[in-house]
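Notes to accompany the following structure.
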Amino acid sequence: MFSEQNIRDISSEAKRAGMEPAALLAVAQVESGGVCFYKVDGRDEPPIRFEGHYFDQRLSGNQRRNARDKGLANPVAGAVRNPVSQAARWQLLGAAVAINRQAAYESVSWGIGQVMGAHWKWLGYDSIDALVDEARGSLKGQLRLMIRFIDKSGLTPVLARHDWKAFARAYNGPNFTQNRYDTKLSLAWRRYAAVESLDRAASGRQSGFV
């Protein structure tokens, strides 16, 4: 689970967006494993995942051949494997940036919400760099990106009614059952909802209402 401070920060942004904190926490937990930043060469960087088939689609000619030769691009989804460590993933991204910076950034899912950079224009950002800056700048930036994607995708009411299958299908793709994405969301929501209930009860006792 996220740290207590992370939970407070995520809950605050959820409330500001009119979302249930436990529901947003559940999605962030499943997508990120409860880690908001990793140390990469002394820097705090958000979690990323590089998608080689996205990169392949965005290249042509010598750039595509170069990327394929280096194992950075492939027309088949999942053929370019992501390293386990985030530091190694950032190295992978760096190699892709050396070929084509914009295509590389568009081919990454960014932050605790794992939002694809390719959506930058659809999400209303002025450039891919603006989206990346948002994700790299702070936890709140990652949350703004994530919330913007959920809202733009029409998933806010789906999340509110805890329709985990419908949310999983739209957010994770039609093969969501292969990794039990909907079940993971449900379990994470129950855990965070329980934490919220305990916090409310504790707050009530302190106030003399319980």
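The values are calculated or read from the model by the stated rules, or taken from the named source; none is laboratory data. Source: prediction; values computed, not measured. Note: ideal-geometry Cβ built from the backbone for every residue, glycine included; neighbour counts use all protein chains shown. Side chains are part of the model used for accessible areas, which takes the heavy atoms of the whole protein and leaves out ligands, DNA and RNA. Shrake-Rupley method; radii C 1.70, N 1.55, O 1.52, S 1.80 Å.
Taken together, A170, A135 contain a single residue that is touching a Pro at 6+ places or on another chain (Cβ under 6 Å) and among the hydrophobic types (A, V, I, L, M, F, W, C), which is A135. Scan the range 38-49 and tell me whether some residue there is β-branched (V, I, T) and open to solvent by 30 Å² or more (accessible area, probe 1.4 Å). The answer is no; no qualifying residue exists.
Just one of the listed residues (A67, A96, A104, A88) is open to solvent by less than 60 Å² (accessible area, probe 1.4 Å), without any contact (Cβ under 8 Å) to a residue 40 or more places away in the chain, under 17 Å from P46 (Cβ atoms) and in a helix (DSSP H, G or I), and it is A88. Take the conditions open to solvent by less than 40 Å² (accessible area, probe 1.4 Å) and among the aliphatic types (A, V, I, L, M) and apply them to V76. Does it pass? No: the conditions fail for V76. Among the numbered conditions (1) part of a strand (DSSP E or B); (2) touching a residue at least 12 places away in the same chain (Cβ under 8 Å), the only one that M19 does not meet is (1).
When T177, T156 are checked against the criterion of being β-branched (V, I, T), out of contact with any Lys or Arg (no Cβ under 8 Å at 6 or more places or on another chain), more than 19 Å from P47 (Cβ to Cβ) and open to solvent by 40 Å² or more (accessible area, probe 1.4 Å), T177 stands alone in meeting it.
Only one of (1) over 15 Å from the mean Cα position of the chain (by Cα); (2) assigned to a helix (DSSP H, G or I) is not met by P174, so which one is it? With respect to (1) over 15 Å from the mean Cα position of the chain (by Cα); (2) assigned to a helix (DSSP H, G or I), P174 is out only on (2).
When you check N6 against the structure, is it open to solvent by 10 Å² or more (accessible area, probe 1.4 Å) and in contact with a Cys (Cβ under 8 Å, 6 or more places away or on another chain), yes or no?
Numbers: open to solvent by 10 Å² or more (accessible area, probe 1.4 Å): yes; in contact with a Cys (Cβ under 8 Å, 6 or more places away or on another chain): yes.
Yes; evaluated as a whole, the condition is true for this residue.
Within the range 50-64, the set of residues being charged (D, E, K, R) and open to solvent by less than 70 Å² (accessible area, probe 1.4 Å) comprises E51, D56.
For the range 1-16, give me each residue that is within 20 Å of S109 (Cβ to Cβ) and either assigned to a helix (DSSP H, G or I) or not aromatic (F, W, Y) (or both). Working first, answer last.
Narrowing the range 1-16 to residues within 20 Å of S109 (Cβ to Cβ): 2, 6, 10, 13.
Across the range 1-16, the qualifying residues are N6, I10, E13.
Condition check ((1) touching a helix residue (DSSP H, G or I) at 6+ places or on another chain (Cβ under 6 Å); (2) polar (S, T, N, Q)) across all residues:
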| residue | (1), (2) |
| --- | --- |
| M19 | no, no |
| Q29 | yes, yes |
| R43 | no, no |
| S60 | no, yes |
| G71 | no, no |
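Restricting the range 47-64 to residues that are assigned to a helix (DSSP H, G or I) and charged (D, E, K, R) leaves a set whose member that is nearest to A98 (Cα to Cα) is R64.
Checked against the criterion of being over 27 Å from G137 (Cα atoms) and of a type outside the set (A, V, I, L, M), the candidates Q5, Q63 yield just one match: Q63.
Within the range 15-33, the residues that satisfy the criterion of being under 23 Å from V132 (Cβ atoms) and open to solvent by less than 10 Å² (accessible area, probe 1.4 Å) are L24, V27, A28.
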